[in-house]
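These notes are about the structure you will find just below.
The values are calculated or read from the model by the stated rules, or taken from the named source; none is laboratory data. Here the structure is a predicted model, which means the values were calculated and not measured. Cβ placement follows ideal geometry from the backbone for every residue including glycine, while neighbour counts extend to all protein chains displayed. For the accessible areas, the whole protein counts, side chains as well, though only heavy atoms, and no ligand, DNA or RNA atoms are used. Shrake-Rupley method; radii C 1.70, N 1.55, O 1.52, S 1.80 Å.
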Amino acid sequence: WAASYLGEFGADVIKIEQPGIGDHQRRWGTKKNGVALMWKSLSRNKRSLTLDLRKPNGAEIFRRLIETADVLIENFRPGTLESWGLGPDVLLAVNPRLVVLRVTGYGQTGPYRSQPGFGTVAEGFSGFSHVVGQEDGPPTLANLPLGDGVAGLTGAFAIMVGLHGRANNGGRGQVIDLSLYEPLFRLMEPALLDYDQLGVAASRIGNRSSHLAPRNAYRCADGQWVSLSCGTQTIWERLCTAMERGDLGADPRFADNQKRVINVEALDAEIAAWMSAHPREEVLQVMNAAQVAVGPILDLPTIFKDPHYAARDDLVEVADPDLGRMRLANVVPRFSDTPGRVKTTGPALGQHSDEILGELGMSAAEIASLRAEGAI
């Protein structure tokens, strides 16, 4: 993901994969006509080079690529690159300007450094899963690769900080140690502070917030759902007006946010009763007219037809050689002068090997020899 984000804005991303096997993502997830769908989006705009780093010639090609690279992203377990003689110390000696992002489950240090880690494990280890879910239910794992996604965003940010730092420190590169769990742990900030300063350990409370009320998901008369957040006192007052419930605004139990959090059970019962008496479209019209922060909880069929998504071009159509037309999530965020772009979907295994090696000055005969020995 980190490499995908950078590739959308013009980086030449070379995805190095093991010959004959490739990235495991090529085989994971749902498939159409035997083609893994997630790979097509996750590896957008990338070129694929097959390279066996355990073979001397494969390692030598890798070092040659590093000579002119700006960034290396790797997600082996700690010590793997070092065991092949390709640790950051070696690579920075080859190219002192190199910025190296190392992504692992638990980081390069600490007693758990060698344990395998995936985004799902990171969600649990970060504390996130413990506070998500219904009060009487189990810890909840997101039905999407949340840990991986947040780490990818953090990694892309970290790389840009590293490149900016390089531009201001005489051109020196550096190594970035990024675990999967720590970006999520950073988002645990409110709960962390409550425990550190107040001794209060966060627990599951459904769709409510420990710090804000009302904040919840409410079911409307037609069975559709909306989400509501009264982040300011003014919005709370607008909500009361929109529901024609001035009595709630005057109720001392709900006078300010702190009191509303304490009395959230009674408060939610009042709001839920109002929501359940009106279909969602009416709820949205009334609340939008009153400038209350309420939005529909959309499913994907609705998102694919939503006019706002269409106006923002949030889905981009890309031609794929295996699947034909594909609609992918478009580039985020938008830049006025240097917009990003999805040019291609994920490549076939080794699709660009000859092209990339040719750019290194290798002849067709040399490339054929490397292929014959299994280095590519």
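Here are a few things to note about the model shown:
- Output for segment 43-70, where each listed residue is over 27 Å from Ala372 (Cα atoms) and open to solvent by 30 Å² or more (accessible area, probe 1.4 Å): Asp70
- Test: Pro183 is surrounded by 19 or more Cβ atoms within 10 Å (Cβ to Cβ) and not in a loop (DSSP other than H, G, I, E, B): yes
- Looking only at segment 115-171, and only at residues there that are assigned to a loop (DSSP other than H, G, I, E, B) and over 25 Å from Ala191 (Cα atoms), the one that is least open to solvent (accessible area, probe 1.4 Å): Gly171
- When residues in segment 71-114 are screened for being in a loop (DSSP other than H, G, I, E, B), buried (at least 19 other Cβ atoms within 10 Å of the Cβ) and touching a residue at least 40 places away in the same chain (Cβ under 8 Å), 3 of them pass.
- Of all residues in segment 157-169, none are in contact with a helix residue (DSSP H, G or I) (Cβ under 6 Å, 6 or more places away or on another chain) and either of a type in the set (Gly, Ala, Ser) or in contact (Cβ under 8 Å) with a residue 40 or more places away in the chain (or both).
- If you go through segment 190-228 and keep only what is polar (S, T, N, Q), open to solvent by less than 70 Å² (accessible area, probe 1.4 Å) and closer than 16 Å to Ile262 by Cα, you end up with Ser203, Ser209, Ser210, Asn216.
- Residue count for segment 340-364 satisfying the condition of being free of Cβ contacts under 8 Å to residues at least 24 places away in the same chain and either under 14 Å from Asp12 (Cα atoms) or surrounded by 13 or more Cβ atoms within 10 Å (Cβ to Cβ) (or both): 4.
- Selection from segment 323-338 of residues that are assigned to a loop (DSSP other than H, G, I, E, B) and either open to solvent by 90 Å² or more (accessible area, probe 1.4 Å) or basic (Lys, Arg) (or both): Val332, Arg334, Phe335, Ser336, Asp337
- Residue list for segment 271-320, filter: assigned to a helix (DSSP H, G or I), open to solvent by less than 60 Å² (accessible area, probe 1.4 Å) and within 29 Å of Pro252 (Cβ to Cβ): Ile271, Ala272, Ala273, Trp274, Met275, Val283, Val286, Met287
- Looking across segment 57-70, the residues that are farther than 13 Å from Ala93 by Cα, part of a helix (DSSP H, G or I) and in contact (Cβ under 8 Å) with a residue 12 or more places away in the chain come down to Asn57, Gly58, Ala59, Ile61, Phe62, Leu65.
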